Amino acid sequence: MQATPPSANAPHFSLPTDLSVLATRQIRQVRAFTGSIPPGSLILLSSFAIQVGLALSKSLFDSLGAVGTVFLCKAFGAVFLLLLYRPTLQRQTPRTWVLLGLFGSAMAIGNLAFYAAIDRIPLGIASTLEFIGPLSVAVLGSRRWLDLLWVLLAAIGVLLLAPWGGGSLDWLGVALALTAALCWASYILLSVPVGQAFVGGSGLAIGLGIASLLLLPAGVAVGGSALLKPIVLGVGLAIAVLNTVLPYSLEFAAMKRVPPRIFGILVSIEPAIAALVGFLFLGEQLNPQTLLAIVCVTAAAIGATWFGRQNPHA
């Protein structure tokens, strides 16, 4: 039997299109709301949302483990970005696919390492160690003596955090956080050619989609049937909103209203925000030595941003 062709007047529904329109509409509403908020506050709210999302993700570790949790959250984030940007995959060169593969791999490994790290060490410590990645990129290749000060400050912070002498801090957690730092640095370096090859956030959307596919086998194997529980899906969606939707919207609004240098300085406060969120939401206590380490790394990041080579108009 042949299928009857649809009538020209029959209503047509496309779920991806409808969801894309809905996502775009929500983004516009958020941007309209943020128009009256000072840009500095938007950046701090973005960092706070990211860290709250990470703190919330720890509630899924018992059900999904770190692997299942990072897969679920990144998959939701990838779906959101793919629906929002709807990138085209046609006419891509082999070089572009290799670039996207490396970009997605950096995101997959980095997120997996970081989620595994916060399962072993406090959120504030993990975020501080991870921030070594962008800090390294900021001073990479510099020949100025002043930049050695920021490297020295960051090194002091790492040494203060390291569990020397059989301390209570987990060595594997430290190693995982530093692995996440290396991946974050790779992500930053790869984002430049990806941004040049794709319009808007299309490259990011595809990269996150690739990262989710790479995490899929291990995520399903570890998470199992728990991935289908409504409460787990709800929490995963909330984390994706906090880690993807809100930061994207808030930072997009802020970047149009503040110089890049100020933006970088405010983002550099993220380790301190992570320590605060860990204390408020997870009850993680930090001793004076750990707090001093966070101050050292944060000061190094701010210094590298403030005194770095800037565009005269920045």
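For the range 239-293, the square roots a ≥ b ≥ c of the C-alpha gyration tensor eigenvalues yield an a/c of 1.5 or more together with a/b not exceeding b/c, which makes the shape oblate. Ordering 48, 122, 98 by Cα displacement along the dipole of the range 48-128 toward the positive end leaves 98 in first place; charges were set at the Cβ atoms of Lys, Arg (+1) and Asp, Glu (-1). Using the Karplus relation 6.51 cos²θ - 1.76 cosθ + 1.60 with θ = phi - 60°, the per-residue 3J(HN,Hα) values for the range 132-138 come to 4, x, x, 5, 5, 5, 5 Hz, with x marking Gly and Pro. Residues in the range 87-149 average 50 Å² of solvent-accessible surface per residue, probe 1.4 Å, ligands and nucleic acids excluded.
Of the whole protein surface, residue 179 contributes about 60 Å² of accessible area at a 1.4 Å probe radius.
With a Förster radius of 22 Å applied to the C-beta separation of residue 257 and residue 148, the computed FRET efficiency comes to 0.10. Modelled this way, with points 7 Å down the Cα-to-C-beta line, the labels at residue 41 and residue 189 are 3.9 nm from one another.
Put a dot 7 Å past the Cα of residue 170, heading toward its Cβ, do the same for residue 238, and the two dots end up 2.3 nm apart.
Take the Cα of residue 281, go 7 Å toward its beta carbon, and the backbone nitrogen atoms of the range 201-241 under 13 Å from that spot belong to 235-241.
By a 1.4 Å probe calculation restricted to protein chains, residue 213 has an accessible surface near 120 Å², given to the nearest 10. Coupling constants for the range 174-179 follow from the phi torsions by the Karplus curve (6.51 cos²θ - 1.76 cosθ + 1.60, θ = phi - 60°), and in residue order they are 5, 4, 5, 5, 5, 4 Hz; glycine and proline get x. Annotation: extensible slack from residue 307 through residue 216 equals 28.6 nm (criterion: 0.36 nm per residue apart, minus Cα-Cα distance).
The values are calculated or read from the model by the stated rules, or taken from the named source; none is laboratory data. Not measured: the values here are computed from a predicted model. Note that we place each Cβ from the backbone using ideal geometry, even for glycine, and neighbour counts take in every protein chain shown. In case anyone asks, the SASA skips ligands and DNA or RNA and just uses the protein heavy atoms, side chains included. Shrake-Rupley method; radii C 1.70, N 1.55, O 1.52, S 1.80 Å.
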